[in-house]
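Everything on this sheet refers to the single structure shown next.
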Amino acid sequence: MVEIQSIGIVGAGQMGNGIAHVAACAGFDVKLTDISQDALDRAVATIEKNLGRMVKKDRISETDAAAALARIDCSTDMATVGECQLIIEAATENVDLKYKIFESLSAVASEDAILATNTSSISITSIAAKATNPERVMGMHFMNPVPVMKLVELIRGLQTSDSTFEAVERAAQRMGKTTIVARDVPGFLVNRILMPYINEACQALYEGIGSVEDIDTGMKLGTNVPMGPFTLADFIGLDTCLAICEVLYNGLGDDKYAPSPLLRKYVEAGWLGRKSGRGFYDYSQG
């Protein structure tokens, strides 16, 4: 099995720049691509800021931080990732967009390149069907924020080969991540459990069982989690939460996964959480 040394990342948003960060720190040569130059500029600024924090905390030397940043090459041309051994798609959780990206990647990637998707809920098998070599496609679901969270969820598609799985698992472990394996079912493992929890909190608020603050405090102190469901949902993005709930509901056909009307209304209002300045909490004043 060829050892992966180069990683391409499609999408320079919160997940994409986080993956680029940990990959570069692990010594991989990284090519980061996005359709927006502004997104790439913001990604590099974020990575530089996060590396600076690591230096201040003595988790990395200034020399190593500079070397990691130098290993990241950015471009708005997706073809630049074609020469990479592993290409990770980290675009918005939109099934049609992901299908389009994988069709495009098949045209630029080498025949022996591995294609991975960071999707948090969408069928790996359906995404792989859009690629020329579906046996070389699998799910590689990083947790947010990537530089902090230790977990990577690995998901095989129906046709994923053993060699593809083993190469991706080794790459994730080289990045310092702990891996778990989930079946290719809606929501996989983490979100199959997490999203109904967030959705039920929305329903409890909708029914007036408790306030946002009381529900968050109750779950934090009652179950010893670091943040309550609404704080977490605002961090993830309510549009992403709704999209995953929709995948669970449509894919499993069980009413217990139906998105809360309140969650849907917040998304309709544009209250998407931290990234929009308003979600279950108001972030407009920082």
- Note on the structure: Helix 212-223: inclination vs the chain longest Cα principal axis, degrees, rounded to 10, gives 70
- Item | Net charge of Cβ neighbours under 15 Å - reference SER161; Lys, Arg +1; Asp, Glu -1 | -4
- Message: What distance in nm separates the two pseudo spin-label positions at ASP73 and TYR99, each 7 Å out from Cα along the beta-carbon direction?
- Response: 3.3
- Antiparallel DSSP beta bridges within the chain, as percent of all bridges there, nearest 5: 20
- Using a simple spin-label model with points 7 Å from Cα along the Cα→Cβ vector, what separation in nm is obtained for VAL225 and TYR206? 1.8
- Between the stretch 254-273 and the stretch 77-147, what's the alpha-carbon centroid distance in Å? 28
- Set the Förster radius R0 to 25 Å, insert the Cβ-Cβ distance between TYR281 and MET143 as r into 1/(1 + (r/R0)^6), and round the FRET efficiency to 0.05. 0.70
- Item | Cα gyration tensor category, rounded, prolate or oblate, for the stretch 2-71 with a/c compared to 1.5 | oblate
- Report relative contact order for the chain in percent, whole number only (criteria: Cα-Cα under 8 Å, sequence separation at least 6). 14
- Task: Enter the angle in degrees (range 0 to 90, nearest 10) between the Cα long axis of helix 190-206 and the first principal axis of the Cα atoms of the chain, meaning the one along which they spread out most.
- Result: 30
- Descending Cα extents along the principal axes, the stretch 33-94, whole Å: 37, 23, 20
- Item | Cα shape, the stretch 244-286, gyration tensor, a/c 1.5 rule | prolate
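Each value in this text was obtained by applying a stated rule to the coordinates, not by laboratory testing. The shown structure was predicted, so the numbers you read here are calculated from the model rather than taken from an experiment. Here Cβ is always computed from backbone atoms with ideal geometry, including for glycine, and neighbour counts include all displayed protein chains.
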